[in-house]
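> My questions will all concern the structure given below.
The values are calculated or read from the model by the stated rules, or taken from the named source; none is laboratory data. Nothing here was measured: the structure is a model prediction, and the numbers come from that model. Counting neighbours? That spans all protein chains shown, and the Cβs are built from the backbone with ideal geometry, glycine included. Surface accessibility is based on the protein's heavy atoms, side chains included, excluding ligands, DNA and RNA. Shrake-Rupley method; radii C 1.70, N 1.55, O 1.52, S 1.80 Å.
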Amino acid sequence: MESSLTRTDFLLSVLLACFATALTLYATAQWGPGLSTDSMQYIDSAAHLAKGEGLVTGVPDGVRRPLTVWPPGFPLLLAPAAGASWARWAQALLFGCCALLAYAIVRWADGSRFGAAWAAALTCCGGGMALQFAVVSSEALFLPLQLGGIWAICAWMNNRRETLLWLGGGLLGAATMTRYVGQGAALSIMLLVVVTAWQSGRSRLRPVIILLVASQLMLIAWLARNLLVAQTVASRSMAPQPIEFDWFLNVWRVATLWFWPEGWSRWIRHPATLFVLVAGMAALRKRTASASASRARAVACVVGWWITGYLCLMFATDFLTPRDQDLDVRMLLPVMLPVVCVLGLAIPSGRHWKVFGTGALAIFLCVVGVMRTATQAQELHESGFAFGSQSWHQSPLLDTARRLPAGAAFASNQAEAVQWHLQRPCLSLPTAADRGRDHAGLDAERVAVFQKARAGQVCYVLLFKQTWRWHAPEQVIARELRLVKVADFADGALYRSTPDN
């Protein structure tokens, strides 16, 4: 970055990056990284890619199909050594990159060393980041690409060097190729460049064309590929849903978890978060008032446009598609990290009483974050998370399934976990009727697909007590599919379905 960093800055930023890396490695040392259903899709796609089979996925039933639901960025990262071990190291190193970039952005914008260290520390410890990087997820790649893109656009606004615009556009495009929702931020930044270039009065179209090519060419090529091989853009259907005002309240509720533990009373979390954000914005306004604060103004401006674009596309995704999404901390991490950088930039330096008060509040936020993160990292180290947790590695139901005949078909309400742990294809059970809302029966279309997929084989059905809201109760599944119970276990039940059923 353009600002000359001292040796102290270099050592401090590397130290914080190493802390983030070590934190992830410790949290995943015993049971490996946490695994969600999406995690297994990423790793499986990477494994097919490493074998030269292209961007396809076969989770959980073993039937290869083109990868379209997710963009290819994260599988490409995992492809060199597709597996949980490489994913664990990749995520740890990417976490370190996030801390490094947060520090560097604040210092580049002439923020104080304390403010930069605070931003990097909160990047490590705010919002349950230890958990987010302990689970194999595309956010691990998206977040450093996001921060790098934000800096590059800020640097371009500061000196108009076209190489920075190419770099920023490329990073924004790579972020979108990692998570589709990044397109909202990319389009928002493009609009900012249009406004900035128009105000400059010279070469108005050139910066826009550069950013358009750099950020959109990869995405256009990918979506065209999807249409050619799968006759769909991204396997997403459009069906407008009623807009719920609670969505905005949920965004705010999640934002209160950036700085404070969820166990704290909302009567503390909500006003405390409001105070931190309002005080930070007031300090930033004063900080950027001087004529010499052009870099700080650029960071504040780009972050504001980025967040607006990201939230707008997320809002559109929630209410223009029928897919239900739970708004959680993970989905708002791309908002949290830029906000943390801006707040770090707002922390003043000097020996005034306001500076000491701001420093005390910042240190308190860090202490709370460190305590929460230490507890979380220890829990992850001892028990793991999701399908990569101790309970799944030591599942009695899975142990029994390993001894079943090799020619039998498997089906489960946690098909991805079964496929991962047993390394055998597993059919997904039909969901509840009415898109998972009517739990009194099963979706008739999905039942027909399921019966056809098992093709008259003897099928063992693993019904785990851990289930999803769109699944019907065990009794309904057993009745509708005419299953015969074989045995009960602590974590679920084993059923059998013969070809005659």
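> Please determine whether any residue of the stretch 66-76 is surrounded by 24 or more Cβ atoms within 10 Å (Cβ to Cβ), within 18 Å of the chain's Cα centre (by Cα) and either part of a strand (DSSP E or B) or of a type in the set (Gly, Ala, Ser) (or both).
no
> Could you please find all residues in the stretch 260-296 being touching a Lys or Arg at 6+ places or on another chain (Cβ under 9 Å), without any contact (Cβ under 8 Å) to a residue 60 or more places away in the chain and assigned to a helix (DSSP H, G or I)?
Arg266, Arg269, His270
> Now, a different point. Would it be correct to say that Asp488 is among the acidic types (Asp, Glu), free of Cβ contacts under 8 Å to residues at least 12 places away in the same chain and open to solvent by 10 Å² or more (accessible area, probe 1.4 Å)?
On the way: among the acidic types (Asp, Glu): yes; free of Cβ contacts under 8 Å to residues at least 12 places away in the same chain: yes; open to solvent by 10 Å² or more (accessible area, probe 1.4 Å): yes.
Yes: the conditions hold for Asp488.
> Hey, could you check the stretch 366-389 for residues that are closer than 18 Å to Glu416 by Cβ and not hydrophobic (A, V, I, L, M, F, W, C) and say which is surrounded by the fewest Cβ atoms within 10 Å (Cβ to Cβ)?
Narrowing the stretch 366-389 to residues closer than 18 Å to Glu416 by Cβ: 384-389.
This time we only want the ones that are not hydrophobic (A, V, I, L, M, F, W, C), so: 384, 388-389.
On the way: Gly384: 23, Gly388: 26, Ser389: 18.
Among those residues, the one meeting the criterion is Ser389.
> Continuing with this model, one more query. Is the stretch 419-437 home to any residue that is surrounded by 16 or more Cβ atoms within 10 Å (Cβ to Cβ), within 26 Å of the chain's Cα centre (by Cα) and hydroxyl-bearing (Ser, Thr, Tyr)?
yes
> Could you check Gly456 against (1) assigned to a loop (DSSP other than H, G, I, E, B); (2) modelled with pLDDT of 95 or more and say which number it fails?
Failed condition: (2).
> For residues in the stretch 329-365 being open to solvent by 30 Å² or more (accessible area, probe 1.4 Å) and outside any helix (DSSP H, G or I), which is nearest to Asn250 (Cα to Cα)?
If we filter the stretch 329-365 for residues that are open to solvent by 30 Å² or more (accessible area, probe 1.4 Å), which is where we start, we get 330, 348-354, 356-358, 360-361, 363-364.
Then keep just the ones that are outside any helix (DSSP H, G or I); that gives 348-352.
Numbers: Pro348: 31, Ser349: 35, Gly350: 38, Arg351: 39, His352: 38 Å.
Taking the candidates together, the pick is Pro348.
> Which residue is farthest from Trp260 (Cα to Cα), if the candidates are limited to the stretch 129-143 and must be in a helix (DSSP H, G or I) and either of a type in the set (Ser, Thr, Tyr) or open to solvent by 10 Å² or more (accessible area, probe 1.4 Å) (or both)? Give the steps one after another, and end with the answer.
As a first pass, look at the stretch 129-143 and keep what is in a helix (DSSP H, G or I): 129-134, 139-143.
Now narrow it down to the ones that are either of a type in the set (Ser, Thr, Tyr) or open to solvent by 10 Å² or more (accessible area, probe 1.4 Å) (or both): 131-132, 141.
On the way: Leu131: 15, Gln132: 16, Leu141: 25 Å.
The extreme case among them is Leu141.
> Out of curiosity, is Leu398 surrounded by 14 or more Cβ atoms within 10 Å (Cβ to Cβ) and assigned to a loop (DSSP other than H, G, I, E, B)? Reasoning before the result, please.
Working: surrounded by 14 or more Cβ atoms within 10 Å (Cβ to Cβ): yes; assigned to a loop (DSSP other than H, G, I, E, B): no.
No: the conditions fail for Leu398.
> Right, another one. So, of the residues in the stretch 82-111 that are surrounded by fewer than 19 Cβ atoms within 10 Å (Cβ to Cβ) and touching a residue at least 24 places away in the same chain (Cβ under 8 Å), which turns out to be nearest to Ala47 (Cα to Cα)? Please lay out each step first, then the result.
Within the stretch 82-111, the first condition is being surrounded by fewer than 19 Cβ atoms within 10 Å (Cβ to Cβ), and the residues that meet it are 83, 85-86, 89, 93, 110.
Now restrict to residues that are touching a residue at least 24 places away in the same chain (Cβ under 8 Å): 83, 85, 89, 93, 110.
Details: Gly83: 8, Ser85: 13, Trp89: 16, Leu93: 20, Asp110: 44 Å.
In this case the residue turns out to be Gly83.
> Among (1) within 27 Å of Gly83 (Cα to Cα); (2) open to solvent by 10 Å² or more (accessible area, probe 1.4 Å); (3) part of a helix (DSSP H, G or I); (4) not aliphatic (A, V, I, L, M), there is one condition Ser188 misses while meeting the rest; what is its number?
(1)
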